[in-house]
Amino acid sequence: MTLYLDNAATSFPKPEAVYAAVDHYNRQLGAAVGRGHHRSAIEVNSQVERCREQAARLFQIKDHKQVIFTFNGTDSLNLAIRGLLKPGDHVVTSDMEHNSVLRTVHALEQSDGIEATYLPADETGLVQIDQLREAMRPNTRLVALIHASNVTGTIQPVEEACSIAHKQGALFLLDAAQTAGQIPIDVGSLPVDFLACPGHKGLLGPLGTGLLYINPEIVNDVASVRTGGTGTNSEEPSQPTTCPEKYESGNHNAPGLVGLAAGIEYVLKRTVNDIRNHELQLMQQLQEGLQDLPGLKLYGPADPTARTGVLSLNLDGFDPQDLSLILDENFEIQTRSGYHCAPGAHKAIGTFEQGGTLRLSPGPFTTEDDIEKVIIAFREITAV
Ligand SMILES: Cc1ncc(COP(=O)(O)O)c(C=O)c1O
């Protein structure tokens, strides 16, 4: 059986209930969301609203209408960044960000008169938050930070960053692509203004789903980047101004969202803490099993509790892509190699010139036996 260890890209397998929900939608319901008054449409509507409610429950969001459905993590981040920033604004972000933030900010720097500062990271992938205070300017509108790196798994000091941002009058955007469903996030104790995440990674929904929480107090400051039909106030020429309709134009990904509802329900039932403990155990086993193998270099924090379920490595004399191919073809282990859409992270940890790293990312259904299989494969490869 092929072993899938690329959960940081998208989770696989999904819980059985996700497959069942998508199949039920596709075969039995088939209706659009918020656009009909027949029974199937009402049923789909209620399942999609349940998805919103479950997401709000997971992150302790008081009003589920503040949860906006998007099409992936990138879409959520684009909406937050492009919807908020105006010419003359300054944004602080970091070298560890994914291209969904880096390229979006870069594009705004090029064409929209936005200024940006990128906080550096150390060789373990930890963003240097002590430099955030100095980086803040009177026109800093936003601090956008990754919760955990998709290259090294490094968990960032986001509480401190959020507090500094707020004290200096800026808003805070959390990119929770690698932590939603894997590390507890509570917008009560971590009062982010935006929480962006895909639905298809740790929330265990299908591809084509994403979420953006927007703090209700800033909705008037965040423009919609897409306009069109919402199934509400259709006689009006202007886009609705309330959530979620303001930001959700056009037909929803209904099969994806009913699947996402089932994915979040699985996470809620199993609990984020249990998933986190499971991943911690696997990461510890993986690190211990690999760390002394000859020629193998592991990246990221040495302490498994300082990372999520992501481990990057390189093997002397091997290109990361070739190593990935060997693991797939000879051992049936699927991994991801290269830059992982995060070039700055590879510069920080010193792997840019080598073409990046090979990344192992187990998921909630990965077992200790699976990890043992990986360790044995690396023993064989390094013994050659
Ligand atoms: C940290 C981080 N941010 C954003 C994204 C973008 O998410 P998506 O692939 O759903 O657009 C990813 C995806 O890998 C990620 O790891």
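Just so you know, all these numbers are worked out from the coordinates, no wet-lab data involved. Because the structure is predicted, anything quoted here is derived from the model rather than measured. Here the Cβ is made from the backbone with ideal geometry for all residues, glycine too, and neighbour counts use every protein chain on show.
Across the stretch 255-384, Cα-Cα pairs more than 20 Å apart make up 49 percent of the total.
Using a cut-off of 29 Å between Cα atoms, the listed pairs 62/246; 14/373; 14/65; 14/246; 86/246; 347/373 include 14/246; 347/373 as exceeding that distance.
Kirkwood analysis of the stretch 134-207, using all unique Cα-Cα pairs, places the hydrodynamic radius at 12.9 Å.
Along the chain, counting only GluC sites (Glu not before Pro) with a DSSP assignment other than H, G, I, E or B and at most 14 other Cβ atoms inside a 10 Å radius, the longest segment between sites is 1-122.
In which sequence would 375, 81, 333 go, from the one with the fewest C-beta neighbours within 10 Å to the one with the most?
So the residues, fewest neighbours to most, are 375, 333, 81.
Any chance you could list the semi-axes, whole Å, largest first, of the equivalent ellipsoid that the Cα gyration tensor gives for the stretch 1-49, using √(5λ)? Values for the stretch 1-49, descending: 30, 11, 7 Å. Coupling constants for the stretch 279-294 follow from the phi torsions by the Karplus curve (6.51 cos²θ - 1.76 cosθ + 1.60, θ = phi - 60°), and in residue order they are 5, 4, 4, 5, 5, 4, 4, 5, 4, 5, x, 9, 5, 9, 6, x Hz; glycine and proline get x. Exposure proxy ranking for 37, 24, 98, 278, based on other Cβ atoms within 10 angstrom of each Cβ and starting from the fewest, stands as 37, 24, 278, 98.
Each principal axis of the Cα cloud of the stretch 1-109 was evaluated for its coordinate range; sorted largest first, these ranges are 50, 45, 26 Å.
Counted by neighbouring Cβ atoms within 10 Å, the residues 328, 95 run from fewest to most as 328, 95. When the chain is treated as a Gaussian network with alpha carbon springs shorter than 10 Å, the biggest mean-square fluctuation among 338, 250, 309 belongs to 250. For the residues 52, 336, 39, a GNM of the chain with alpha-carbon springs under 10 Å puts the largest fluctuation on 39.
Helix 320-331 and the longest principal axis of the Cα set of the chain meet at an angle near 80°. Averaging Cα coordinates gives a centre for the stretch 212-229 and one for the stretch 113-161; these two points are 24 Å apart. Along each principal axis, taking the top coordinate minus the bottom one, the Cα set of the stretch 16-270 gives 57, 44, 29 Å in descending order. Using a 10 angstrom cutoff on alpha carbons, build the Gaussian network for the chain and name the most mobile of 198, 13, 237. Of the options given, 237 has the highest mean-square fluctuation.
Restricting the calculation to Cα atoms, the stretch 113-237 shows an Rg/Rh of 1.01 when the hydrodynamic-style radius is the Kirkwood one.
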